[in-house]
Amino acid sequence: MTATLKEIDLTNAKRRRDYGRTPDTDDEPGTETTADRADTGVATHAVVENVVARHAWAVGRLAIGFVFLWAFFDKLLGLGYATGADPATGAIDRFGNAAWINGGSPTTGFLSGVTGPFKSIFEPMAGAAWADWLFMIGLLAIGTALMLGIGMRIAAASGALLLVFMWMASLPLDNNPFMDDHLVYAVILIGLAAAHAGDTLGAGRMWARTNLVRHHPVLR
């Protein structure tokens, strides 16, 4: 009886999928369908069916993933952008003492200059080894997850939290009463996870079919 009901459900799902196909969604690798959910046990319904919208979310995911990974490698190696550059003189010291691999601290420059209402919280963290490691691991893990399109829920939540902390440390803002790029990125990260942006131009669909994700959907 159970097998019969399952067969009926699969048949109905296939009919709904075929009926709902459009030129925009037919056979697109990033399109999620009700049949996928029936086959894998993972809720992979078509959150975004428009081709342009799906690819726009995917490109946004890759762009923000690159931002996180670039920040990691710049601080790790001192590539002369945010790390290894003297804003006063314009001098650039690539791969110098500011690089994390050479003893520099990824958090000192940013957190030691906090002047806003959260100064007492963030200033003691500047240069602390645990803060450096946590910050760098976060940049690498979030950036990698975004680039691959896997673990989007955890990446979005942890990335948004990190960005909110950085926003708090940036207060007061120079150009706006409260809104800056940290908050904008945080909102976009939540949207990326909600839109299943990892399924287009990423490994999200394949990741969703693994036994690990089936048993722990939060890893989706």
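Being on the phi > 0 side of the Ramachandran plot, hydrophobic (A, V, I, L, M, F, W, C) and surrounded by fewer than 16 Cβ atoms within 10 Å (Cβ to Cβ): is that true of Phe118 here? Full working, then the answer.
Values: on the phi > 0 side of the Ramachandran plot: no; hydrophobic (A, V, I, L, M, F, W, C): yes; surrounded by fewer than 16 Cβ atoms within 10 Å (Cβ to Cβ): yes.
Considered against the rule, which asks whether it is on the phi > 0 side of the Ramachandran plot, hydrophobic (A, V, I, L, M, F, W, C) and surrounded by fewer than 16 Cβ atoms within 10 Å (Cβ to Cβ), Phe118 comes out as no.
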Which of the residues that make up region 43-64 are under 22 Å from His216 (Cβ atoms) and either modelled with pLDDT of 50 or more or charged (D, E, K, R) (or both)? His45, Val47, Arg61
Just the residues that are among the hydrophobic types (A, V, I, L, M, F, W, C) and in contact with a Gly (Cβ under 9 Å, 6 or more places away or on another chain), please, taken from region 92-113. Ile92, Phe95, Ala98, Ala99, Trp100, Ile101, Leu111
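What are the residues in region 136-170 that are of a type in the set (Ser, Thr, Tyr) and over 15 Å from Ile188 (Cβ atoms), if any? I'd like the intermediate steps shown before the answer.
Start the filter on region 136-170 by keeping residues that are of a type in the set (Ser, Thr, Tyr), which leaves 144, 158, 170.
Once the filter is applied, which keeps residues that are of a type in the set (Ser, Thr, Tyr) and over 15 Å from Ile188 (Cβ atoms), region 136-170 yields Thr144, Ser170.
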Among the listed residues Gly202, Gly159, Gly138, identify the single one that is buried (at least 20 other Cβ atoms within 10 Å of the Cβ), within 24 Å of Asp74 (Cα to Cα) and of a type outside the set (Ser, Thr, Tyr). Gly159
In region 162-189, what count of residues is obtained for those that are surrounded by fewer than 15 Cβ atoms within 10 Å (Cβ to Cβ) and closer than 17 Å to Gly65 by Cβ? 3
Name the pairs: first residue in region 203-220 and farther than 18 Å from Leu146 by Cα, second residue in a helix (DSSP H, G or I) and of a type outside the set (S, T, N, Q), Cβ to Cβ under 7 Å, at least 6 apart or on different chains? Leu212/Leu219
Which numbered condition Met147 fails, given (1) hydrophobic (A, V, I, L, M, F, W, C); (2) without any contact (Cβ under 8 Å) to a residue 12 or more places away in the chain; (3) under 20 Å from Ala63 (Cβ atoms); (4) in a helix (DSSP H, G or I): (2)
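The values are calculated or read from the model by the stated rules, or taken from the named source; none is laboratory data. Every value quoted in this text rests on a predicted model; they were computed, and no experiment measured them. Cβ atoms come from the backbone with ideal geometry, glycine included; neighbour counts cover every protein chain shown.
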